[in-house]
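Okay, structure first, notes after.
Each reported figure results from applying straightforward, stated rules to the coordinates on display, with no laboratory input. Worth saying up front: this structure is predicted, and the values here are computed from it rather than measured. Here the Cβ positions follow ideal geometry from the backbone for every residue, glycine too, while neighbour counts run over all protein chains shown.
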Amino acid sequence: MPELGKYAVAVLSSYGVTLALLAGLVGLTFWRAGRVKAALREIEARQGKGSDG
Amino acid sequence: MSLWEYANPRKFMETSALVLPWLWALALVCLLGGLAWGFFFTPDDYKQGSTVKIIYIHVPAAMMAINAWVMMLIASLIWLVRRHHVSALAARAAAPVGMTFTLIALATGAFWGQPMWGTWWEWDPRLTSFLILFLFYLGYVALWEAIDNPDTAADLTGVLCLVGSVFAVLSRYAVNFWNQGLHQGASLSLDKRENVSDVYWFPLLICIAGFVLLFVALVLQRTRTEIRLRRIKALEARERLA
């Protein structure tokens, strides 16, 4: 860990907020993608259609 | 092969499925590599101390906040002129990503500004135009959610995107237009004398590449989801008619 001195709170807060927001965005993107893909599979199976990938 | 072929949802799904794993991997490598290099292996600045390490997230996030809006503008124009649904869906997919980058730029700017300027916030031209850009992102996302008809939503959000572009440009050039405020000029410049020192420049470039790749990966992934949602709506409508 580098010596951040009196600015440690500012630097670590910046990195913490950024990583949390990016992780949230990526997580939400994949969670929603999975949910929608499953829903499409279900409705296509019901209607007897092929998947678009 | 024409670029417009990718406006075909099936073609877009096929191509993006091939490209996405590479994009995610490259984005992860660049982000982790650039941030680790910048955070652990660069020296403190003689004036700003260790706060200079915030540059590796603040600058790429701010750049992408503006560039995301430019991408949305281009996609919206393609929708408004050529009526390609994938472009409208891509603009919709990019908005929450751009909004998050804008929020990161505002938050890290506040964390950086407090020890350097003695204040979390100042009604400085660049900061203010960034805040307005964030509000435009919010409005854009809300407008998409508020309108049921997807074509009407794409039309109205396309117009909103055109109006918001003024603030995207202002966010980038505000420091040049108004020679006032606390925020300094651009950190990156083609003029070597105005650029940041090489010791910060190289890891910063890698971080920028990481943010760009992450943006592209997220937009492609989210556009695929929007295309599937659109197909679900079409199939449900067909079911109701049957």
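Sorted from fewest to most neighbouring beta carbons within 10 Å, what does the list B:VAL19, B:VAL163, A:VAL11 look like? Walk me through the intermediate numbers first.
Values: B:VAL19 13, B:VAL163 10, A:VAL11 24.
Least to most surrounded, the residues fall as B:VAL163, B:VAL19, A:VAL11.
Taking the beta-carbon count within 10 Å as an exposure proxy, list B:HIS84, B:HIS58 from fewest neighbours to most.
Lowest to highest Cβ neighbour count: B:HIS84, B:HIS58.
Pick out, in residue order, every one of the trypsin sites (Lys or Arg not before Pro) in the range B:20-118 that is DSSP loop and has at most 10 other C-beta atoms within 10 Å; say none if there are none.
Passing both the DSSP loop test and the Cβ count: B:LYS47.
Remind me, relative contact order of chain B in percent, using alpha carbon pairs under 8 angstrom and six or more residues apart?
So the answer I get is 32 percent.
Points 7 angstrom from Cα along the Cβ direction at B:SER2 and B:ALA234: gap in nanometres?
Result: 1.9 nm between the two label points.
Measuring from the lowest to the highest alpha carbon on each principal axis, how far does chain B reach, largest first, in angstroms?
So the three principal-axis extents are 72, 36, 30 Å.
What list do you get for B:THR119, B:THR51 if you sort them by fewest beta carbons within 10 Å?
Listing B:THR119, B:THR51 from fewest to most nearby Cβ atoms yields B:THR119, B:THR51.
Which of the chymotrypsin sites (Phe, Trp or Tyr not before Pro) across the range B:7-58 are loop residues per DSSP, with 15 or fewer other Cβ within 10 Å?
Counting only loop positions with at most 15 other Cβ atoms within 10 Å, the chymotrypsin sites (Phe, Trp or Tyr not before Pro) in the range B:7-58 are B:TYR46.
What FRET efficiency, computed as 1/(1 + (r/R0)^6) with R0 = 41 Å and r the Cβ-Cβ distance, is obtained for B:ASP151 and A:LYS6, rounded to the nearest 0.05?
Working from the Cβ atoms, E equals 0.15.
For the range B:79-131, which chymotrypsin sites (Phe, Trp or Tyr not before Pro) are in a loop by DSSP, counting at most 15 other Cβ atoms within 10 Å?
B:TRP120, B:TRP121, B:TRP123
What aspartates and glutamates does A:LYS6 reach when the alpha-carbon gap must be under 14 Å and sequence neighbours fewer than 8 apart in one chain are set aside?
Qualifying aspartates and glutamates at Cα under 14 Å: B:ASP44, B:ASP45.
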